[in-house]
Each structure stands twice: as C-alpha cells, then as structure tokens.
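Engineer: Could you have a look at this structure, given as structure tokens, before my questions?
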Amino acid sequence: MLEAVGERVLRAPKELLYALGFMVEIVRNIPAYFRMQRRGGGGGVLKMQILFTGVNALSIVAVLSLAIGAVIIIQGLSILPQLGQGQLIYTILIAVITRELGPILTAFIVIARSGTAISTELGGMVVDHQIEAYMATGLNPITYLAVPRVLGVVISLALLNIYFNFFGLVGSFLVTQLVQPLALEEYLFGLYGSVTLRDFIASFAKSIVFGIIIGSVATYQGLSVERAGTEVPIRAIKAVGQGITLTVIANAAITLVSYL
Amino acid sequence: MKFRIRFATQIVGAFTILAVLFVIVLMVAIGTGQGWFEPRYEYSTELSSASGLNIGMSVDFRGFEVGRVTNITLNEDNNVDVTFNIRERYVHLVTKGSLVELASNPILGGTLVLHRGTRSSEPLEQFSVIPEWNSQIGRAIREVGFVERSQPPDPISTVLAELDPLLASISEILGSTELILDTLAGTLDGTVTEGPVAETVAQVLSLLSTVEARLEQTESLLAGSDDLLVSVNRIADNAAAASDEFRDPAGIVPRLLGASGTLATLFDDDNVLFDEILDIFASINSTLDELNEVARFAGSQTPQFAAIIEEGREAIIVGQDVLTGLRNNPLLRGGIPERIDQPSNVESFREAQF
Amino acid sequence: MADDAGLALNTQDLVVEFENFTPVRGISVKIREGSTVAVMGRSGSGKSTFIKAASGVIPATSGEVRIFGRLLGPLNNRELRRLRKVCGFVFQDAALWQNMSVYRNLALPLEQHYPELSNAERDKKIRRAVERIRFTDDLNLRPASLSAGEAKLVAFVRAILTEPKLLILDEPTTFVDRTGVDRILSMLRQLKDDGTTLVVVSHNATVVSQLADEIIVIDEGELLIHGTPDRVAASDNPVVRDIVSDVLDQAATFDSDILSLLGEIDDEG
C-alpha cells in the first residue's frame with residue numbers, strides 16, 4: 001500500500017514531464033507536417049479530422065448552445081429587471097457563452113467524441129503494428145499521425161466555439177421570441193455595447209489551448225498502448241479523464257490571467 | 001455518411017468559411033459600433049480620488065459612450081491624473097468650458113461623465129486638461145454658465161451629487177441661525193447692546209435663496225425618477241417649505257426684527273413667534289433625520305453626509321435650547337428645562353472618517 | 001569503423017526490455033552485405049523483437065545497432081527517412097494501414113522515398129509489382145477485406161517496392177498458400193541475386209533451406225549460434241539441434257530434391 005502510493009507519486013512527475021515533452025514534440029513537428037503536405041503526402045488526415053471532430057459535432061453543439069443561450073436569456077429577463085439591471089443580461093450572456101461555456105462545453109463535446117476516437121484508433125494501430133509499419137517506412141508517427149489529428153482538433157474546436165457563440169447568442173434570441181418577445185435591434189444593440197475585443201481573444205485563446213491539450217492527450221494516450229488490445233479502452237478512458245482535468249485547469253488559469 | 005466522406009473537402013471548406021464569415025461580420029459590426037476603427041483623441045483631467053474609477057471605464061455623454069479611460073496615475077500633489085480618449089465623432093463635445101465628472105455608485109460601478117462646454121463650438125486640442133466638475137475651476141466655470149450639464153447616468157449618483165452641496169448650505173444656514181440666536185440671547189441678556197443682527201439675518205436670507213435654488217434643481221432632476229426617490233423628494237419639499245417660511249415677507253424673520261428692527265416683537269403676541277420658530281426648527285430637524293436615512297442608504301462611502309447632518313442637528317438643538325431659554329426667560333417664565341440628550345451616531349464632522 | 005566495412009547490419013550487445021520482461025538479452029551479430037540470413041528460434045524466443053530492434057522499428061533499451069555502418073538512435077526525420085529507404089521490413093501480421101486503400105498502402109512508401117516520381121510512374125511501378133505476385137483483387141479495397149494471405153502478399157510488395165538494400169522479413173510466408181509462397185520465394189531469390197541483403201525469420205523449411213547462406217539461432221533472448229547451415233546442423237547444442245533438425249527434417253520431407261541440391265552446393269563449397 002505504502003509502496004504503491006510512493007511509486008505512483010514518484011511516477012506522476014515523470015509521466016507529466018514525458019507528456020509535456022510529447023506536446024513539445026508535436027508542436028515542433030508541425031512544420032514537418034506542412035512540408036510533407038506540400039510534397040503531397042499526409043493523405044487528408046487533417047481534412048478528415050476536421051470533418052469528424054468539427055462538422056459532425058455541429059448538431060450537438062448547436063442544440064446545446066441554443067438551449068443554454070435561451071435559458072440564460074429567459075432567466076436573466078425574469079430576474080434582472082426586478083433589480084433594475086436589465087442591461088446586465090448582455091454582460092452575462094457574453095461572460096457565460098463567449099468567455100466560459102463556449103470554449104469549455106465544446107471542449108467537453110470534443111473530448112467525449114474525438115478524444116476517445118483518436119486514442120482508440122491510435123491504440124488499435126499500435127496493437128496491430130501499423131505504427132511500427134510507419135516507422136519502418138520512415139514516416140514519423142508524430143508528424144504523420146499525431147500532428148494532423150492535433151491540428152484537426154484545434155481547428156475544429158476553434159470553429160465549434162464560433163458556432164457555439166453563433167447559436168448561443170443569435171439562435172437563442174429566436175427561441176426567446178416564443179416566450180418573451182424582444183426587439184432584435186434592442187438585443188443586438190445591447191450585445192454590441194457589452195462585448196469587448198478582450199472577450200473574443202480570451203475565448204479564442206481558450207479554444208486553441210484546449211485543442212492542443214485534448215489533441216495531445218488523446219494522441220499521447222493512444223500511442224501509449226504497448227501491445228495488448230485490452231489496453232486500448234483503458235487508454236481511451238484515461239484520455240477522457242486527463243483531457244477534462246487539464247482543460248478545466250487551463251480554463252481557470254486563462255480566465256484568471258485574462259482578468260488580471 | 002458516404003456523402004460526407006465523398007465531399008469532405010467541400011463540407012470542411014463550408015464549415016470553415018461560414019465560421020470565419022460570422023466572426024468577420026461580428027467583428028466589423030461590433031467594431032464600428034464601438035468605434036475600433038475610429039481615431040481617438042486623448043485628454044486628461046485631475047481628480048481628488050480614484051475610488052470607483054478604473055481603466056477601460058467608459059466616458060459617457062447623455063448616456064452614450066463617447067470614449068474610454070485609458071490611464072490612471074497618482075501625481076505629485078497626491079491627486080489622480082486620469083487620461084481618457086474621446087472618439088472622433090464625439091470630439092466636438094469637448095470644447096472650452098467642458099467638464100468631466102466621476103459618477104460612481106456602489107451598485108452600478110461608474111462612468112466618467114462629460115459635460116459639454118457652451119463657450120465655443122471649436123473642439124479643444126488633443127492632450128488638453130479638462131477640469132473636474134467639483135474642482136475650483138469647475139465650480140468657476142459652472143458659475144459663469146460656460147458648461148451645459150448633461151443627463152447624469154443614474155438617479156443614485158445624481159442624488160448623491162446634489163445632496164452634497166445642499167447639505168453644505170443647510171449646514172451654513174444653521175451656523176448663521178446659531179449666530180442670530182446667540183446675538184438675540186445676548187441682546188436679551190443685555191450683554192450685546194447693538195449687534196449685527198440685521199447683517200446676519202440678511203446673510204441667512206441670501207443663503208436661503210441659494211438653498212432654494214439648489215432644492216429646485218434637485219427636484220427637477222429627481223422629477224423623472226420614481227419610488228426609490230420619493231423620500232428624497234419629500235425632504236426637498238420640507239426644506240423648501242422651511243425656506244419659504246423664512247423668506248415670507250409677513251413671516252418670521254421680519255416679525256422677529258419688528259418694524260423698528262428691534263427685538264420688541266419677541267415679547268409680544270403670547271409666544272406665537274417662539275412657537276413658530278420652534279416649529280420651523282422641528283421641521284428642519286425631521287428633514288435632517290430623513291436626510292440621514294438617505295445618506296445611510298447611500299452607503300458607508302459617504303460618512304461626510306451623516307456628519308454634516310449630525311452637526312446640523314446639533315446646531316438646531318442649541319437653537320431650540322436658546323429659544324426655550326428665551327421663552328422661559330426668567331423675566332417672563334423661569335429657567336431652561338433639563339433636556340435628555342439624544343445619542344449621536346457620529347461624533348462630529350471633524351472626527352468622521354473620510 | 002574498419003570492422004563495419006561490408007556489413008549490412010551489425011548489432012552490439014543489443015538489449016530490448018519491456019516493462020515486465022526482457023525478450024532480447026544482449027545479442028551481437030554481424031551480417032555481411034549481400035548475404036541471406038535465416039533467423040530461427042522457438043516461439044517466444046525473442047527473434048521477432050530482435051529483428052525489429054535491429055532494424056530500428058522499435059527502440060533498443062541498450063546496445064548499438066548499425067545499418068550499413070550508420071548508428072541508429074539519434075537520428076532526425078531526414079536521416080531516418082534515408083535509412084528507411086535502404087532498410088525494408090515485412091511484418092509478421094502484414095501491418096497494413098487500415099485507414100487507407102490497398103493502393104494507398106503501396107503508394108505511400110513510394111511517395112515517401114521517391115518523391116521525384118510522377119503519379120504515372122508510381123502507378124506503373126505499383127501495377128507491375130502487383131502483377132508479379134498475381135494479386136488480382138481490387139486495389140481500392142480496404143486491407144480489412146483481404147484474407148490474411150493476401151494481406152501478407154501486399155505487405156511484401158509494400159516492402160520491396162522501394163528497392164531496399166537490406167530487407168528484413170518476419171515470417172513472410174505464414175498464412176500464405178503454397179502458390180503464394182512460391183511467388184514470394186522466387187522474388188526473394190531474385191532479390192538475393194540482385195545483391196539485396198535478406199534477413200528472414202522463418203519456420204518454413206523451404207525458405208530457409210533454399211535461401212539461407214547463414215543461420216542464426218536465438219533462444220530465450222540470447223544468440224545460440226550464428227553460422228553456415230552446415231555448421232549449425234553440426235552443432236551439438238541440443239536446443240539448436242532441436243530447432244534446426246526440425247527444419248531440416250521438414251525440408252527433407254517436403255522438398256528433398258532441393259535439399260539434395262543444397263547438399264551438392266555444399267559439397268562443391
């Protein structure tokens with residue numbers, strides 16, 4: 001028991017260091033990936049990754065953000081005017097949808113859908129020696145497999161965040177019309193008044209960071225499978241757990257930094 | 001599914017372009033709305049305190065954002081240098097005589113309010129210093145009417161801003177009243193044979209006219225706002241009534257002075273005058289009580305209000321005592337009765353924490 | 001290093017350690033350029049791990065590997081690519097890339113190593129190689145729809161398409177039917193004639209007896225013997241005898257004429 005705890009504690013920083021090194025390795029290999037793309041290699045992995053991670057997640061993101069945006073507006077409109085602070089609804093919408101929920105909820109959706117998919121796919125490739133086959137052909141698995149997947153996740157997440165904002169802010173307005181009509185001009189004018197460039201930058205920065213985290217964690221866990229097929233689901237679960245944990249921590253850190 | 005894979009490139013392309021388009025449209029819309037692409041002109045001002053002020057706070061004119069605070073520093077005179085910018089399209093509001101005012105309240109945060117100068121239509125040069133509303137220069141500019149007060153951003157700040165000079169005037173009047181009463185008492189005692197009674201009363205009268213003007217101003221400002229400020233309105237009414245009574249040609253003061261300007265009338269008509277004076281003081285006292293309530297509501301930020309009110313109340317108490325003393329003049333009645341002191345919640349104006 | 005001259009593959013105290021066992025425990029071999037070496041051993045003896053580490057497909061825990069004199073290890077992407085061009089590898093389980101078509105599986109190494117080829121030239125090369133192994137299925141199929149034997153043939157073609165100077169094969173003939181084995185055998189023989197160094201892990205008596213100039217026997221992660229078939233056959237180590245005689249017996253049973261032919265060559269040598 002004592003030994004097990006000690007071993008875990010000692011192993012944790014080593015694994016973290018290794019994972020960080022992996023992340024650096026991915027970033028370092030991005031130019032190599034684009035060189036390969038120019039030579040005509042790469043085989044559309046990036047495109048497919050965006051299709052699976054971004055486009056295919058659009059419907060769930062849309063439903064989620066529509067519902068959340070509508071709820072915020074309805075709650076806000078029923079509570080805030082009682083305090084004489086009706087205008088605050090827009091500040092709240094921007095803070096909640098653009099700055100917080102947009103990046104983090106899309107990140108959760110992508111972790112659940114693509115994080116698992118990537119780690120399972122790569123894990124399976126390790127098990128039936130496809131990774132070794134890449135090595136034997138002289139294709140660096142990081143450049144050829146990890147980089148386009150991470151890039152795909154980053155791009156998809158940034159785009160999904162934009163769609164989340166679109167549906168959350170614009171779409172939810174339409175939903176609200178059914179419950180409590182509000183003039184479009186009034187709504188848009190209120191939004192213009194409350195949003196700042198800083199909100200956009202914070203939101204965008206979060207998407208990029210979350211994308212790198214999710215992509216790196218998923219590819220790292222996938223490639224960490226050693227031999228057995230049974231390792232694959234274990235690694236996929238780890239990819240989800242670590243992805244969520246690191247994303248939430250990074251979110252807190254970025255929010256903190258952006259308000260300093 | 002098959003369709004999606006076959007047209008993956010087109011779908012991903014559309015997915016990307018739509019999102020980027022949305023961002024661009026949004027950026028342009030918000031950017032033009034907030035004037036990101038508009039040149040801005042920089043001005044500065046000096047405030048006595050930066051409390052309630054922060055960088056990025058908006059500069060408002062009649063509720064419109066016309067610029068933003070860009071920098072705050074403490075200068076060598078321990079005042080606060082505030083730098084702010086004004087958007088090009090609003091720069092015509094910054095003219096000779098323009099003033100700025102920090103309107104902040106504990107609930108809504110605050111804004112820097114710009115008041116347009118009426119002296120000329122020529123915009124001030126960039127980097128000019130715009131005086132603060134309550135600064136000496138600011139007061140001077142207001143007095144000569146070179147500035148047009150723009151709609152303050154919210155009623156609470158308005159009330160607080162208006163109460164401040166009003167209370168100061170009331171306090172001044174009370175001080176003068178105390179002086180009159182002292183003189184009156186001295187005259188009665190025979191210690192003062194000829195005093196500046198007439199002079200003092202004239203002073204009081206002029207002060208009262210200022211108070212009245214202020215009260216009218218406050219009232220008109222408060223006219224639009226509803227239930228929150230009813231009590232403030234009532235205070236203003238009370239004070240106005242008191243002031244009216246003082247100014248009434250047939251009222252207390254002329255009667256006090258009498259036709260000959262002596263104090264003979266004080267001893268006539270069965271204490272009616274005494275009672276009237278006492279009534280007036282009682283009404284001012286209750287007014288001050290109500291003001292005290294408002295000041296307390298306005299928050300602990302403004303202990304000076306409470307202190308001024310407290311001081312005013314003390315002056316009234318002294319006045320009441322003197323009047324009671326007069327009525328009970330040993331020549332007519334007998335002795336000053338024992339008073340039970342009301343505990344004060346603020347020690348004194350000077351000891352109050354700012 | 002003077003010793004390395006003329007060596008295609010040179011391992012020095014090669015050790016591969018996994019988390020809970022050590023399949024390769026210090027193997028040193030020198031393989032001359034142009035020679036054909038059969039690597040033999042019982043199942044689980046570590047021979048597959050050894051050749052993977054020796055070709056740099058998996059990292060060695062300790063020890064050195066030199067391929068044509070070049071030390072594996074601290075290689076950057078470009079050096080790795082250059083090395084991979086001269087060193088082909090056929091996996092025991094084919095290890096075709098499941099996420100692309102059979103055609104892409106064959107085209108990718110060509111794109112990687114011969115970027116100067118035009119699409120048409122590359123296509124021609126692929127068609128010709130596929131024809132040689134008489135692979136008749138649709139090349140646009142996914143590898144998952146191939147049988148194990150067909151997959152193995154594709155994997156073999158994938159490895160030889162880039163014309164490596166050193167070809168390492170991990171059991172190239174398992175799951176392959178007899179005609180398939182014949183085709184692989186004839187192609188290997190041609191590669192051998194062209195001067196390609198071949199390292200073959202195989203239990204197939206025919207392959208070993210027809211091709212091998214030298215035999216390496218590995219047991220429990222250690223090198224038991226490395227020498228000509230004669231020398232190995234003459235070994236008095238019981239484990240070696242057990243492994244090799246089995247092969248030689250099989251060879252005698254299935255392909256006696258070739259064995260006798262081998263004997264004649266040996267006699268002459």
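The values are calculated or read from the model by the stated rules, or taken from the named source; none is laboratory data. Note that this is a predicted model, so its numbers are computed, not measured. Cβ atoms come from the backbone with ideal geometry, glycine included; neighbour counts cover every protein chain shown. Protein only, heavy atoms only, side chains kept; ligands, DNA and RNA dropped before computing areas. Shrake-Rupley method; radii C 1.70, N 1.55, O 1.52, S 1.80 Å.
Engineer: From A:LEU51, A:LEU58, which residue is in contact (Cβ under 8 Å) with a residue 24 or more places away in the chain and surrounded by 15 or more Cβ atoms within 10 Å (Cβ to Cβ)?
Structural biologist: None of the others qualify; the one that does is A:LEU58.
Engineer: Can you find even one residue in the range B:26-44 that is of a type in the set (Gly, Ala, Ser), touching a strand residue (DSSP E or B) at 6+ places or on another chain (Cβ under 6 Å) and assigned by TED's automatic domain parsing to the domain that holds B:ASP77?
Structural biologist: Yes, the range B:26-44 contains at least one residue that is of a type in the set (Gly, Ala, Ser), touching a strand residue (DSSP E or B) at 6+ places or on another chain (Cβ under 6 Å) and assigned by TED's automatic domain parsing to the domain that holds B:ASP77.
Engineer: With A:GLY123, A:GLY115 as the choices, which residue is among the small types (Gly, Ala, Ser), closer than 30 Å to A:ILE68 by Cβ, in contact with a helix residue (DSSP H, G or I) (Cβ under 8 Å, 6 or more places away or on another chain) and in contact (Cβ under 8 Å) with a residue 12 or more places away in the chain? Steps first, answer last, please.
Structural biologist: Values: A:GLY123 fails: closer than 30 Å to A:ILE68 by Cβ.
Residue meeting the stated conditions: A:GLY115.
Engineer: Run down C:ASP170, C:ASP137 and say which single residue is farther than 21 Å from C:GLU111 by Cα, at pLDDT below 85 and charged (D, E, K, R).
Structural biologist: Going through C:ASP170, C:ASP137 in turn, just one is farther than 21 Å from C:GLU111 by Cα, at pLDDT below 85 and charged (D, E, K, R): C:ASP137.
Residue-wise test of (1) more than 11 Å from every other protein chain (Cβ to nearest Cβ); (2) β-branched (Val, Ile, Thr); (3) open to solvent by 40 Å² or more (accessible area, probe 1.4 Å).
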{"site": "A:ALA136", "(1), (2), (3)": "no, no, no"}
{"site": "A:LEU159", "(1), (2), (3)": "no, no, no"}
{"site": "A:GLY215", "(1), (2), (3)": "yes, no, no"}
{"site": "A:PRO233", "(1), (2), (3)": "yes, no, yes"}
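Engineer: Still on this structure, please answer the following. Which condition number does B:GLY56 fail, the rest of (1) buried (at least 19 other Cβ atoms within 10 Å of the Cβ); (2) within 11 Å of another protein chain (Cβ to nearest Cβ) being met?
Structural biologist: (1)
Residues are listed down the side, and each one gets a yes or a no for (1) farther than 14 Å from A:ILE162 by Cα; (2) part of a helix (DSSP H, G or I); (3) among the charged types (D, E, K, R):
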site: A:SER65; (1), (2), (3): no, yes, no
site: A:VAL71; (1), (2), (3): yes, yes, no
site: A:SER78; (1), (2), (3): yes, yes, no
site: A:ARG113; (1), (2), (3): yes, yes, yes
site: A:ALA117; (1), (2), (3): yes, yes, no
site: A:ILE142; (1), (2), (3): yes, yes, no
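Engineer: Among the residues of the range C:213-223, are any open to solvent by 40 Å² or more (accessible area, probe 1.4 Å), out of contact with any Lys or Arg (no Cβ under 9 Å at 6 or more places or on another chain), in contact (Cβ under 8 Å) with a residue 60 or more places away in the chain and not in a loop (DSSP other than H, G, I, E, B)? Steps first, please.
Structural biologist: Looking only at the range C:213-223, we keep the residues that are open to solvent by 40 Å² or more (accessible area, probe 1.4 Å), and these are C:213, C:220, C:222-223.
Those still in the list that are out of contact with any Lys or Arg (no Cβ under 9 Å at 6 or more places or on another chain) too: C:223.
Restricting the remaining residues to those that are in contact (Cβ under 8 Å) with a residue 60 or more places away in the chain gives C:223.
Restricting the remaining residues to those that are not in a loop (DSSP other than H, G, I, E, B) gives C:223.
Yes - at least one qualifying residue is present in the range C:213-223.
Engineer: Kindly indicate whether any position in the range A:118-128 is more than 14 Å from chain C (Cβ to nearest Cβ) and open to solvent by less than 10 Å² (accessible area, probe 1.4 Å).
Structural biologist: yes
Engineer: Go through (1) hydrophobic (A, V, I, L, M, F, W, C); (2) open to solvent by 30 Å² or more (accessible area, probe 1.4 Å); (3) assigned to a helix (DSSP H, G or I) for C:PHE21 and report which single condition fails.
Structural biologist: Going through (1) hydrophobic (A, V, I, L, M, F, W, C); (2) open to solvent by 30 Å² or more (accessible area, probe 1.4 Å); (3) assigned to a helix (DSSP H, G or I) one by one, C:PHE21 breaks only (3).
Engineer: Residues that are open to solvent by less than 50 Å² (accessible area, probe 1.4 Å) and in contact with a strand residue (DSSP E or B) (Cβ under 6 Å, 6 or more places away or on another chain): does the range C:138-156 have at least one? Spell out how you get there, then give the answer.
Structural biologist: Initially, the range C:138-156 is screened for residues open to solvent by less than 50 Å² (accessible area, probe 1.4 Å), giving C:139, C:143, C:146, C:149, C:151-156.
Within this subset, residues satisfying the condition of being in contact with a strand residue (DSSP E or B) (Cβ under 6 Å, 6 or more places away or on another chain) are C:155-156.
Looking through the range C:138-156, at least one residue is open to solvent by less than 50 Å² (accessible area, probe 1.4 Å) and in contact with a strand residue (DSSP E or B) (Cβ under 6 Å, 6 or more places away or on another chain).
Engineer: For C:SER209, indicate whether it is without any contact (Cβ under 8 Å) to a residue 40 or more places away in the chain and of a type outside the set (D, E, K, R).
Structural biologist: For C:SER209, the condition - without any contact (Cβ under 8 Å) to a residue 40 or more places away in the chain and of a type outside the set (D, E, K, R) - is not met.
Engineer: Scan the range A:75-95 for residues that are in contact (Cβ under 8 Å) with a residue 24 or more places away in the chain, under 18 Å from A:GLN180 (Cβ atoms) and open to solvent by less than 50 Å² (accessible area, probe 1.4 Å) and jot them down.
Structural biologist: Those that are in contact (Cβ under 8 Å) with a residue 24 or more places away in the chain, under 18 Å from A:GLN180 (Cβ atoms) and open to solvent by less than 50 Å² (accessible area, probe 1.4 Å): A:LEU77, A:ILE89, A:TYR90, A:LEU93.
Engineer: Looking at B:ARG89, B:ARG6, can you tell me which residue is within 13 Å of another protein chain (Cβ to nearest Cβ), loosely packed, with under 13 Cβ neighbours inside 10 Å and among the basic types (Lys, Arg)?
Structural biologist: None of the other options fit; the residue is B:ARG6.
Engineer: Out of B:ARG62, B:ARG89, I need the residue that is modelled with pLDDT under 85, in contact with a Ser or Thr (Cβ under 6 Å, 6 or more places away or on another chain) and among the basic types (Lys, Arg). Which one?
Structural biologist: The match here is B:ARG62.
Engineer: Separate question: Determine whether the range A:7-26 contains at least one residue that is within 30 Å of C:LEU117 (Cα to Cα), touching a residue at least 24 places away in the same chain (Cβ under 8 Å) and aliphatic (A, V, I, L, M).
Structural biologist: Checking the range A:7-26: at least one residue is within 30 Å of C:LEU117 (Cα to Cα), touching a residue at least 24 places away in the same chain (Cβ under 8 Å) and aliphatic (A, V, I, L, M).
Engineer: Also, quick follow-up: Would you confirm whether any residue within the range B:12-28 is open to solvent by less than 20 Å² (accessible area, probe 1.4 Å), in contact with a helix residue (DSSP H, G or I) (Cβ under 9 Å, 6 or more places away or on another chain) and away from every other protein chain (no Cβ under 14 Å)?
Structural biologist: no
Engineer: Looking at (1) in a helix (DSSP H, G or I); (2) in contact with a Leu (Cβ under 8 Å, 6 or more places away or on another chain); (3) small (Gly, Ala, Ser), find the lone condition where A:ALA95 falls short.
Structural biologist: Among (1) in a helix (DSSP H, G or I); (2) in contact with a Leu (Cβ under 8 Å, 6 or more places away or on another chain); (3) small (Gly, Ala, Ser), A:ALA95 violates only (2).
Every residue, every condition in (1) open to solvent by 50 Å² or more (accessible area, probe 1.4 Å); (2) of a type in the set (Lys, Arg), yes or no:
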position: C:ARG32; (1), (2): yes, yes
position: C:GLY46; (1), (2): no, no
position: C:THR61; (1), (2): yes, no
position: C:LEU83; (1), (2): no, no
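Engineer: Could I ask something else about it? I'd like to know if the range A:49-57 contains one or more residues that are within 14 Å of chain C (Cβ to nearest Cβ), assigned to a helix (DSSP H, G or I), within 30 Å of C:ALA144 (Cβ to Cβ) and of a type in the set (S, T, N, Q).
Structural biologist: yes
Engineer: Since A:THR98 meets every condition but one in (1) in contact with an Asp or Glu (Cβ under 7 Å, 6 or more places away or on another chain); (2) under 30 Å from C:VAL86 (Cα atoms), which condition does it not meet?
Structural biologist: (2)
Engineer: Let me ask another. Which residue, of A:PHE189, A:PHE210, A:PHE204, is at pLDDT 95 or above and either within 14 Å of chain B (Cβ to nearest Cβ) or at negative phi (or both)?
Structural biologist: Going through A:PHE189, A:PHE210, A:PHE204 in turn, just one is at pLDDT 95 or above and either within 14 Å of chain B (Cβ to nearest Cβ) or at negative phi (or both): A:PHE210.
Engineer: Can you tell me which residue in the range C:59-72 is farthest from the other protein chains (Cβ to nearest Cβ), limited to those that are among the charged types (D, E, K, R) and touching a helix residue (DSSP H, G or I) at 6+ places or on another chain (Cβ under 7 Å)?
Structural biologist: C:ARG66
Engineer: Something else: Could you please find all residues in the range A:20-42 being touching a Phe, Trp or Tyr at 6+ places or on another chain (Cβ under 9 Å) and open to solvent by 30 Å² or more (accessible area, probe 1.4 Å)?
Structural biologist: Within the range A:20-42, just A:MET23 meets the criteria.
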